[in-house]
1. Can you tell me how many residues in the stretch 136-171 are in a loop (DSSP other than H, G, I, E, B), over 26 Å from the mean Cα position of the chain (by Cα) and of a type outside the set (A, V, I, L, M, F, W, C)?
2. Can you name the condition, by its number, that residue 301 falls short on among (1) within 9 Å of the ligand (Cβ to nearest atom); (2) under 29 Å from residue 96 (Cβ atoms); (3) touching a strand residue (DSSP E or B) at 6+ places or on another chain (Cβ under 8 Å)?
3. Answer yes or no as to whether residue 147 is away from the ligand (no atom under 16 Å from the Cβ), among the aliphatic types (A, V, I, L, M) and either surrounded by 13 or more Cβ atoms within 10 Å (Cβ to Cβ) or at pLDDT 90 or above (or both).
4. Look at the stretch 263-278 and say how many of its residues are outside any loop (DSSP other than H, G, I, E, B), more than 6 Å from the ligand (Cβ to nearest atom) and in contact with a helix residue (DSSP H, G or I) (Cβ under 8 Å, 6 or more places away or on another chain).
5. If you scan the stretch 78-135, which residues turn out to be hydroxyl-bearing (Ser, Thr, Tyr) and part of a helix (DSSP H, G or I)?
6. Go through (1) outside the structural domain of residue 41 (by the TED database); (2) out of contact with any helix residue (DSSP H, G or I) (no Cβ under 7 Å at 6 or more places or on another chain) and name the single condition residue 229 misses.
7. Tell me yes or no: at least one residue of the stretch 228-247 is under 27 Å from residue 17 (Cβ atoms), over 20 Å from the mean Cα position of the chain (by Cα) and more than 7 Å from the ligand (Cβ to nearest atom).
Amino acid sequence: MAEVLVLVEHADGKLKKATAELLTAARQLGEPSAVVVGPAGTTDAIADALKEAGAEKIYAAEGDDVAGFLVAPKAELLAQLAGEKSAAAVLISSSQDGKEVAGRLALKTGNGLLTDAVDINDDGTVTQSIFAGSMTVKSKSRTAMPIITVRPNSIAAAPQAGAGAREDVQLAVSDAAKRSQVVKRVEESTGSRPELTEANIVVSGGRGVASAENFKVIEAFADSMGGAVGASRAAVDSGFYPHQFQVGQTGKTVSPQLYVAAGISGAIQHRAGMQTSKTIVAINKDAEAPIFELADFGVVGDLFNVVPQATEAVNKR
Ligand code: FAD
């Protein structure tokens with residue numbers, strides 16, 4: 001069976017959930033092979049998790065040359081491996097970096113690129129979320145090795161342990177790929193909460209929350225369910241919550257099992273970042289708010305009345 005290369009995402013010696021999802025998706029198309037890029041020791045730290053998540057092979061490209069530069073070395077590595085292994089497809093997470101790696105790889109190898117997939121069929125057809133999430137389309141690459149970026153949380157990870165056979169890969173990073181270098185990394189801290197794009201539950205607040213202080217109501221509800229906190233752009237622009245938590249066209253795209261929108265009207269630019277969520281709950285005092293067109297469950301009411309009651313009910317469980 002042909003190999004399907006999966007570019008691994010990891011942080012702090014841990015495998016990101018999005019990679020387990022990619023390995024599940026890869027099995028639809030062939031034999032999942034994980035490609036790890038990072039400083040020395042990275043692969044050892046995540047090898048077991050990769051194996052459990054379904055990697056049959058693990059290609060380890062370790063060293064400062066691949067870890068210290070921007071995305072270009074990853075595209076070079078994947079192009080090299082894809083050629084050597086005659087890969088059937090390459091799957092990459094639809095993150096900012098992932099999309100750039102995928103674009104460069106498509107150009108390098110002359111293969112079709114499908115971005116923002118939310119589902120993959122075993123015949124290679126993918127369902128894509130396009131035009132800022134306002135439409136979904138089914139697409140299929142006409143080239144031998146499709147390059148597909150997959151939106152985190154879209155495909156449920158169904159771990160099926162693989163052999164996890166490690167192979168070290170030597171990579172000669174070209175001078176062109178070294179033109180830009182990482183000088184400093186600053187992690188966005190989410191405290192004890194899960195990372196927004198990886199969270200199973202997201203509770204977001206909008207302009208209706210009315211102040212930074214009031215966001216504690218949103219945070220308490222998110223914490224009661226072990227979820228992440230998000231915000232609309234109006235809430236961010238008003239200074240209620242930091243920009244790193246903005247959901248939408250110019251913020252992050254989330255696709256959790258449960259998305260709660262409190263005091264958010266449901267503008268198209270906000271929907272763009274959350275409408276592929278599995279279950280959407282809206283809390284808004286205006287029964288005509290557009291968010292209710294999208295919501296699976298809606299509560300017409302004052303969020304300062306509804307949200308604390310919901311938090312209390314969850315905490316009692
Ligand atoms: P509003 O539209 O003002 O809605 C507030 C809602 O809260 C209302 O429905 C109101 O009924 C309700 N409410 C008020 N008080 C309460 C209460 N006590 N209890 C319950 N409900 C209450 N927006 C994003 O979110 N993300 C983006 O990434 C984004 N990108 C954009 C990009 C561009 C190019 C443009 C032009 C716009 C973008 N926007 C984005 C902005 C978007 O158009 C909306 O302005 C924004 O989403 C509105 O945020 P909101 O729903 O919080 O505020």
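1. 1
2. Tallying (1) within 9 Å of the ligand (Cβ to nearest atom); (2) under 29 Å from residue 96 (Cβ atoms); (3) touching a strand residue (DSSP E or B) at 6+ places or on another chain (Cβ under 8 Å), residue 301 fails exactly one: (2).
3. Values: away from the ligand (no atom under 16 Å from the Cβ): yes; among the aliphatic types (A, V, I, L, M): yes; either surrounded by 13 or more Cβ atoms within 10 Å (Cβ to Cβ) or at pLDDT 90 or above (or both): yes.
In short, yes.
4. Matching residues across the stretch 263-278 total 1.
5. Of all residues in the stretch 78-135, those hydroxyl-bearing (Ser, Thr, Tyr) come to 86, 93-95, 109, 115, 125, 127, 129, 134.
Correct list: 109 only.
6. Only one criterion in (1) outside the structural domain of residue 41 (by the TED database); (2) out of contact with any helix residue (DSSP H, G or I) (no Cβ under 7 Å at 6 or more places or on another chain) is unmet by residue 229, namely (2).
7. Going through the stretch 228-247, the residues under 27 Å from residue 17 (Cβ atoms) turn out to be 228-233, 235-236, 241-247.
Imposing the further condition that a residue be over 20 Å from the mean Cα position of the chain (by Cα) reduces the set to 235-236, 241.
Remaining after also requiring more than 7 Å from the ligand (Cβ to nearest atom): 236, 241.
For the stretch 228-247, residues under 27 Å from residue 17 (Cβ atoms), over 20 Å from the mean Cα position of the chain (by Cα) and more than 7 Å from the ligand (Cβ to nearest atom): present.
Residues are listed down the side, and each one gets a yes or a no for (1) within 17 Å of the chain's Cα centre (by Cα); (2) at positive phi; (3) at pLDDT below 95; (4) not aliphatic (A, V, I, L, M):
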position: 173; (1), (2), (3), (4): no, no, yes, no
position: 178; (1), (2), (3), (4): no, no, yes, yes
position: 192; (1), (2), (3), (4): no, no, yes, yes
position: 201; (1), (2), (3), (4): yes, no, no, no
position: 224; (1), (2), (3), (4): no, no, no, yes
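The values are calculated or read from the model by the stated rules, or taken from the named source; none is laboratory data. None of the values given here were measured: they were computed from a predicted structure. No Cβ is skipped: glycine too gets one built from the backbone with ideal geometry, and neighbour counts run over all protein chains shown.
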